[in-house]
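Each reported figure results from applying straightforward, stated rules to the coordinates on display, with no laboratory input. Source: prediction; values computed, not measured. Cβ atoms come from the backbone with ideal geometry, glycine included; neighbour counts cover every protein chain shown.
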Amino acid sequence: MNFTLQQLRAFVTVVSAGSVTRAAEELHLTQPAVSMQLRGFEDGFERPLFERVGRRMDLTPFGEEVLEHAKSILDEAHSIHRKRSEQPGEWTGNLSIASVSTGKYVLPRFLAAFAADHPHVSIQLEVTNRSRVIELLEQNAVDYALVSLPPERMEVESIPLVPNELHIVAPPGWRIPDPQSPAFDDWLSESALIFRESGSGTRRAFERLLTARGVDISPVWELATNEAVKQAVMAGMGISLMSVAGFAPEKRLGLIASTPVHGDWETAWQLVRRKGKPVTALRARFEGHLLSKRDALVAEHFPWAAACGQINR
């Protein structure tokens, strides 16, 4: 059979828009023109693509299969069209990254620097909880993941970006005892504890800190996001452990009290990829750019990192 890209585009748009009328509006064509393209495309198949009941158009199972192929063809055509407009030496392609929720305070600085130097590279970023990030990495659904603790169930290659300085945080006006004093342990025991969800890297660090101090790990509150924890602390609900990257603006404004706590629970924000995943030219370029710009970006945007240990690599 013969079909045109215009017919493919009409078919895909009608499905996504739900009607020929709305598809015509999206394509900036007349309704008869879209109907003619759709009819010409359908006539090339011996099996129906749609079940029509009145004005309702539902894809048949066969139509669902054709839709997936149509989308792939249009994507490839778009890539070819983009290649025509490239200048020699330009970097193009796609990078996909999953980040734990607190990583949204760190990763955009590095991505912005890369995007400024590589404007034709497309970057997809998904910010979600740690369990979902690890799942995407295991399924090979993303190129990279930003985490503070590497996954335990798989081998990864890691690029440390920023030391993850951890602070005990408390409501504004609260006095936090010196972490080196016995009074600090008593204060932890007497305070209401606010934890991130199970599996969170920050939660694991908080549990290690409490265990090392001999404090009972009995969370009063368990919240799913860094922002929720921060708001709960500022509202006076209790204390928690947080990455300074996630509350630095509130700290400067006096909206939250904090003190750093150092120990073997400290981590670093790191970009990881599965060990053995092919390093394409674009991925190698991306990783090299991160390493070459890292020190300058950390010094400019994360001044608190100077008090942490040196990043190795």
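Here are the numbers for the structure shown:
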read-out	value
The range 5-84, relative contact order in percent, only Cα pairs under 8 angstrom and at least six apart counted	28 percent
Exposed-site-free run, longest, the chain (rule: GluC sites (Glu not before Pro); DSSP loop; at most 13 other C-beta within 10 Å)	156-313
Positive dipole terminus of the range 155-313, leading residue within I194, W265, A284 (C-beta point charges)	A284
Summed side-chain charge close to H69 - residues other than H69 whose Cβ falls under 12 Å, Lys, Arg +1, Asp, Glu -1	-4
Candidates per chymotrypsin sites (Phe, Trp or Tyr not before Pro) in the range 164-198, loop by DSSP, up to 15 other Cβ within 10 Å	W174
Cα convex hull of the range 98-150 - mean projected area over all directions, nm²	3.6 nm²
Long-range tail of P(r) for the range 5-84 (Cα pairs > 14 Å, %)	62 percent
Top positive-direction residue, dipole computed over the range 77-202 with Cβ charges, set A170, S148, V100	V100
Helix-only [θ]222 nm of the chain, DSSP H runs n ≥ 4, -39500 (n - 2.57) each, per residue, nearest 500	-13000 deg cm²/dmol
Cleavage-rule hits, trypsin sites (Lys or Arg not before Pro), the range 170-206, DSSP coil, Cβ neighbours within 10 Å at most 16	R175
Cleavage-rule hits, trypsin sites (Lys or Arg not before Pro), the range 243-309, DSSP coil, Cβ neighbours within 10 Å at most 16	K275
Given charges at beta-carbon only (K, R positive; D, E negative), |dipole| of the chain in Debye	500 debye
Among S35, S191, S96, residue whose mean-square fluctuation peaks in a GNM of the chain (springs only between Cα atoms under 10 Å)	S35
Dipole of the range 216-313, positive end: most advanced residue of I256, S240, N226 [Cβ charges, Cα centre]	N226
Proximal lysines to K293, defined as alpha-carbon separation beneath 21 angstrom and excluding residues fewer than eight positions away on the same chain	K104
Residues with amide H under 5 Å from that of T259, placed H, sequence gap 5 or more	I168
Cβ charges +1 (Lys, Arg) and -1 (Asp, Glu), total dipole of the range 166-260, debye	300 debye
Cα-derived Rg to Rh of the chain, Kirkwood definition	1.12
For L223, net neighbour charge (Lys/Arg +1, Asp/Glu -1) across residues whose Cβ lies under 12 Å away	0
